[in-house]
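Input: a single structure, listed below in structure tokens.
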Amino acid sequence: VRHLVGIKDLTESDIQLILDTAGQFKEVINRPIKKVPSLRDVTIANVFFENSTRTRLSFELAEKRLSADVVNFSASGSSVKKGETLLDTVNNILAMKVDMVVMRHSSPGAPHYLTKHIKANVVNAGDGTHEHPTQALLDSFSIREKLGDVAGKRIAIIGDITHSRVALSNIFCLQKQGAEVMVCGPKTLIPKYIVALGVKVSHDVRAALAWCDVANVLRIQLERQQIKYFPSLREYSLYFGISKQMLDDLDRPIVLMHPGPINRGVELTSDAADSSHSIILDQVENGVAVRMAVLYLLAQL
Ligand code: CP
């Protein structure tokens, strides 16, 4: 496959290859000289039609650590605002001799559409509520780093499952590696198609925390909700918010993850997010090595 559109398309051995390669790149970027020449003379465009902090910076750093030439595009401030289409925008960027496109878009399926129309490699940096493959890969890398393996582990994904691309990519990625997955949240935020993937379901956050080895906590995505504020943020935080005390009270330690951005005081209290249970900033650190691995491996194809 010349593209990374979703984890659904990957085999277990593809995932292991990416994670193993990321492990090697993590060693490289912890050295005093962080740069390798692997993608010299490769030009990569980061094309972001939706806001991002972590993913965008992480891809840019990964590309620069691999010695690629990098151009960045945001829809805001571009000719998209004058009515230019996605395909015209990307083809105009490609006319400047770009080899790879990393794209974030609000429409599920937008990266898949691009793969049908352009010759460059396409990497999905998050497409609407569909997939966020590099987030799932960095989450698995972080679990493996912390717990030794993903296989056999119990992972609870807690929060707004309906509007989360992180949830779907994580479910595919974790199940392919032999983990048990539970989704936990209000009934209104767990869709039937997710239940059909063979995950456990809970509406009780304390039960989910007691069951799991890892809690991957997601924010409520108000910007994607059709029915606003149901449940309200206050209700959500009352019934599903996780505090440090809840984690401290468990019989055994669990690992706390969050893809960011955190809505402090809603899905996590600050003392939980900043506690010793949390590997949230390790996830961010690992994102650079994982994205280096993805770009490096795609460039070999
Ligand atoms: N985790 C994640 O995708 O964060 P950003 O939206 O800031 O890129």
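The values are calculated or read from the model by the stated rules, or taken from the named source; none is laboratory data. No experiment lies behind these values; they were computed from the predicted model shown. In this analysis, Cβ positions are derived from the backbone assuming ideal geometry, glycine residues included, and neighbour counts consider all displayed protein chains.
Taking region 99-134 as the search range and keeping residues that are assigned to a loop (DSSP other than H, G, I, E, B) and of a type in the set (A, V, I, L, M), which one is farthest from the ligand (Cβ to nearest atom)? Spell out how you get there, then give the answer.
Taking region 99-134 first, the residues assigned to a loop (DSSP other than H, G, I, E, B) are 99, 106-109, 118-120, 128-132.
Restricting the remaining residues to those that are of a type in the set (A, V, I, L, M) gives 118, 120.
Numbers: 118: 23, 120: 21 Å.
So the residue we want is 118.
Determine which member of the set 90, 102 is surrounded by 14 or more Cβ atoms within 10 Å (Cβ to Cβ) and at pLDDT below 95. Before you say what the answer is, go through the steps one by one.
Working: 102 fails: at pLDDT below 95.
Testing whether each residue is surrounded by 14 or more Cβ atoms within 10 Å (Cβ to Cβ) and at pLDDT below 95 leaves just 90.
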So which residues in region 117-149 are modelled with pLDDT of 95 or more and among the charged types (D, E, K, R), if there are any at all?
127, 131, 139, 144, 145, 146, 149
Can you tell me which of (1) assigned to a strand (DSSP E or B); (2) touching a residue at least 40 places away in the same chain (Cβ under 8 Å); (3) not charged (D, E, K, R) is the one residue 73 doesn't meet?
(2)
Before we move on, is residue 129 surrounded by fewer than 24 Cβ atoms within 10 Å (Cβ to Cβ) and under 14 Å from the mean Cα position of the chain (by Cα)?
yes
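Matching residues to (1) within 16 Å of the ligand (Cβ to nearest atom); (2) modelled with pLDDT of 95 or more; (3) more than 23 Å from residue 202 (Cβ to Cβ):
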{"site": "240", "(1), (2), (3)": "no, yes, no"}
{"site": "250", "(1), (2), (3)": "no, yes, no"}
{"site": "271", "(1), (2), (3)": "no, yes, yes"}
{"site": "277", "(1), (2), (3)": "no, yes, no"}
{"site": "280", "(1), (2), (3)": "yes, yes, no"}
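Quick one: count up the residues across region 38-58 that are of a type in the set (Ser, Thr, Tyr) and more than 16 Å from the ligand (Cβ to nearest atom).
So in region 38-58, the residues of a type in the set (Ser, Thr, Tyr) come out as 38, 43, 52-53, 55, 58.
Keeping just the survivors that are more than 16 Å from the ligand (Cβ to nearest atom) gives 38, 43.
Residues that pass the stated criteria total 2.
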With the first residue restricted to region 38-55 and required to be of a type in the set (Lys, Arg), and the second required to be more than 16 Å from the ligand (Cβ to nearest atom), Cβ contacts under 6 Å at 6 or more apart or on different chains are 40/67
Give all pairs with beta carbons closer than 6 Å in which a residue from region 259-285 that is free of Cβ contacts under 8 Å to residues at least 24 places away in the same chain meets a residue that is within 14 Å of the ligand (Cβ to nearest atom); count only pairs at least 6 apart in sequence or on separate chains.
273/262
Output for region 251-266, where each listed residue is within 18 Å of the chain's Cα centre (by Cα) and of a type outside the set (Val, Ile, Thr):
256, 257, 258, 259, 260, 261, 263
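Please pick out the residue among 34, 64, 81 that is assigned to a helix (DSSP H, G or I), more than 16 Å from the ligand (Cβ to nearest atom) and loosely packed, with under 14 Cβ neighbours inside 10 Å. Explain how you work it out, then say what you get.
Numbers: 34 fails: assigned to a helix (DSSP H, G or I); 64 fails: loosely packed, with under 14 Cβ neighbours inside 10 Å.
Unique residue meeting the criteria: 81.
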If you go through region 238-287 one residue at a time, how many are closer than 14 Å to residue 214 by Cβ and of a type in the set (Ser, Thr, Tyr)?
1
All but one of (1) over 16 Å from residue 164 (Cα atoms); (2) of a type outside the set (Phe, Trp, Tyr); (3) in contact with a Phe, Trp or Tyr (Cβ under 8 Å, 6 or more places away or on another chain); (4) assigned to a loop (DSSP other than H, G, I, E, B) hold for residue 301; which doesn't?
(3)
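Can you tell me which residue is farthest from the chain's Cα centre (by Cα) among those in region 267-282 that are surrounded by 24 or more Cβ atoms within 10 Å (Cβ to Cβ) and not acidic (Asp, Glu)?
So the first thing to find is which residues in region 267-282 are surrounded by 24 or more Cβ atoms within 10 Å (Cβ to Cβ), and the list is 267-268, 272.
Imposing the further condition that a residue be not acidic (Asp, Glu) reduces the set to 268, 272.
Numbers: 268: 18, 272: 21 Å.
The residue in question is 272.
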Mind telling me which of the residues 110, 120 ends up being farther than 30 Å from residue 233 by Cβ, of a type outside the set (Ser, Thr, Tyr) and not assigned by TED's automatic domain parsing to the domain that holds residue 238?
120
